[in-house]
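Derivation of every value follows stated rules applied to the coordinates shown; laboratory data play no part. Note that this is a predicted model, so its numbers are computed, not measured. Using ideal geometry, Cβ is built from the backbone for each residue, glycine included, and neighbour counts are taken over all protein chains shown.
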Amino acid sequence: MEFVHQKSVNTECIDELEQTVIQKLIAGAIDARKKSYSPYSHFQVGAALLTGDGQIITGCNIENAAYGPTNCAERTAFFKAVSDGIRDFRAIAIVGSPEGDEVTQYAYPCGVCRQVMMEFCNPASFQIIVAKSEQDYRVMTLQEILPEGFGPDNLC
Ligand code: THU
């Protein structure tokens, strides 16, 4: 299979993640996606969050019959980590696609998840990896997908 590692342009100042680390994160997200509770949308998402000290915290989307309480995979991973006292993050891998083993698209984080990332991450260096497989992914910073974001620094 062809290896597709697409990188957006504006990445000079970011601390490069090793490819093996990226692939480990994607494998974690693929695994977490298997736990997705999505009986309403049938859209399964897994996320794997890399902490400053190298831990990987995973999450899946968790839906609800009342729809509104649904939690995205990314926020599940963030809230698991923060509730365990971790607030230092380097990157997140996201794998999302309609039900089934085959991942047919790059699933970008929703607006609410981007805002949660803004709360805990440096937008210039936090890296987001959207993947179809361990060999086919895109890497970008939070700043690139949430330009001029509002965050904790605005309140100082
Ligand atoms: N979803 C995520 O888990 N992450 C996102 O960033 C976008 C959407 C979930 C929520 C819902 O369970 C399903 O995908 C369809 O929207």
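Amide H contacts of Thr70: Asn64, each under 5 Å away and 5 or more positions distant or on a separate chain (H built 1.01 Å from N in the peptide plane; Pro and chain starts excluded). Amide H contacts of Ala91 (H built 1.01 Å from N, in plane; Pro and chain starts excluded): Leu50, Gln127 sit under 5 Å, all sequence-distant by 5 or more or on other chains. Evaluating 6.51 cos²θ - 1.76 cosθ + 1.60 at θ = phi - 60° for every residue in region 123-136, the Karplus couplings come out as x, 6, 10, 5, 9, 10, 10, 9, 9, 9, 7, 5, 9, 9 Hz, glycine and proline recorded as x.
The lysine pair count for the chain, using Cα distances under 21 Å and pairs eight or more places apart or on different chains, is 10.
Per residue, the Cα convex hull of region 1-141 amounts to 103 Å³. Taking 0.36 nm per residue of separation and subtracting the current Cα-Cα distance, fully stretching the chain between Val112 and Val4 would add 36.1 nm. The Cα center of region 29-72 and the Cα center of region 77-156 differ in position by 12 Å.
Take each peptide in 24-36, 132-144, count the other Cβ atoms within 10 Å of every residue, and average; sorted highest first, the result is 24-36, 132-144. Label separation (Phe150 vs Thr51): 3.0 nm, computed from points 7 Å beyond Cα along the C-beta direction. Over region 37-79, what is the relative contact order in percent, taking alpha-carbon pairs closer than 8 angstrom and at least six residues apart? Result for region 37-79 is 38 percent. Put a plus charge on the Cβ of each Lys and Arg, a minus charge on the Cβ of each Asp and Glu, and nothing anywhere else: the dipole of region 33-156 about its Cα centre is then about 160 debye. Here the chain carries DSSP beta bridges of which approximately 70% are antiparallel, counting only pairs with both residues inside. Close amide-amide hydrogen proximity is noted between Thr58 and Leu49, each under 5 Å apart and 5 or more residues distant or on a separate chain (H modeled in the peptide plane; Pro and chain starts excluded).
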